[in-house]
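Some notes on the structure that comes next.
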């Protein structure tokens, strides 16, 4: 464990979380100034897109579509991540953040690959729906993905696993749930929404962050390396 620095709220914020917030805010400012350039170079594109660049698997985690997107992700990061960074220390927490973030991207692109492969077969068959399939294919390959949500869901999962009986109150409601139930409900919602489809939220990325987080924590527990 490590101790907070003395000072105001921001000064006492855990160092990794503080820097993630700073970098993400800076990236949003740059995106506001030149959205097309930032999305084209730093958002995550499917590997077959001509916009894809290897570093996007990292940089997309610090990109956000708008201020509301950034606010909710950074609030959740601070709310659930602070206690984890205190518990694990900066290096272990940063490792967990990147493993879950990369895991989220991997599952998201895996699901994309299934859909894109199906569309490619329809295009190759040259049937009556070829043009619709081609338009859908181009859209899926070139749609950018941004946000730290996958890693944030992984952090939520870790909180639920390590503090399962802590009660969490749902914002603007009198409802309080134990963390373990809160995590299960969120996972089920993301799975349903991911299967139903529609919208511009990468639901399988959220699930990917939780899945990779689950197995990483299980590995740490098995190796007796959870707290060092």
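The values are calculated or read from the model by the stated rules, or taken from the named source; none is laboratory data. Everything quoted here is computed from the prediction, not taken from an experiment. Virtual Cβ from ideal backbone geometry, glycine too; neighbours counted across all protein chains shown.
Return yes or no: is residue 74 in contact with a helix residue (DSSP H, G or I) (Cβ under 6 Å, 6 or more places away or on another chain), surrounded by 19 or more Cβ atoms within 10 Å (Cβ to Cβ), farther than 30 Å from residue 226 by Cβ and touching a residue at least 12 places away in the same chain (Cβ under 8 Å)? So residue 74 does not fit the description; no.
Take the conditions surrounded by 14 or more Cβ atoms within 10 Å (Cβ to Cβ), touching a helix residue (DSSP H, G or I) at 6+ places or on another chain (Cβ under 9 Å), farther than 30 Å from residue 225 by Cα and modelled with pLDDT of 95 or more and apply them to residue 107. Does it pass? So that I can check it myself, show each step before the final result.
Working: surrounded by 14 or more Cβ atoms within 10 Å (Cβ to Cβ): yes; touching a helix residue (DSSP H, G or I) at 6+ places or on another chain (Cβ under 9 Å): yes; farther than 30 Å from residue 225 by Cα: no; modelled with pLDDT of 95 or more: yes.
No: the conditions fail for residue 107.
Considering 102, 84, 71, the condition of being assigned to a helix (DSSP H, G or I) and closer than 16 Å to residue 156 by Cβ is satisfied by 84 alone. All conditions but one from (1) under 20 Å from residue 145 (Cα atoms); (2) at pLDDT below 95; (3) assigned to a helix (DSSP H, G or I) apply to residue 79; the one that does not is (1). Scan the range 160-167 and tell me whether some residue there is crowded, with 24+ Cβ neighbours inside 10 Å and farther than 23 Å from residue 114 by Cα. Yes; the residues of the range 160-167 include at least one that is crowded, with 24+ Cβ neighbours inside 10 Å and farther than 23 Å from residue 114 by Cα. Restricting 213, 208, 147, 194 to residues that are in contact (Cβ under 8 Å) with a residue 40 or more places away in the chain, part of a loop (DSSP other than H, G, I, E, B) and either in contact with a helix residue (DSSP H, G or I) (Cβ under 8 Å, 6 or more places away or on another chain) or closer than 23 Å to residue 58 by Cα (or both) narrows the list to 147. Take the conditions more than 24 Å from residue 106 (Cα to Cα), outside any helix (DSSP H, G or I) and modelled with pLDDT of 85 or more and apply them to residue 172. Does it pass? In short, no. For the range 117-133, the criterion of being under 24 Å from the mean Cα position of the chain (by Cα), free of Cβ contacts under 8 Å to residues at least 40 places away in the same chain, in a loop (DSSP other than H, G, I, E, B) and on the phi > 0 side of the Ramachandran plot is met by none of the residues.
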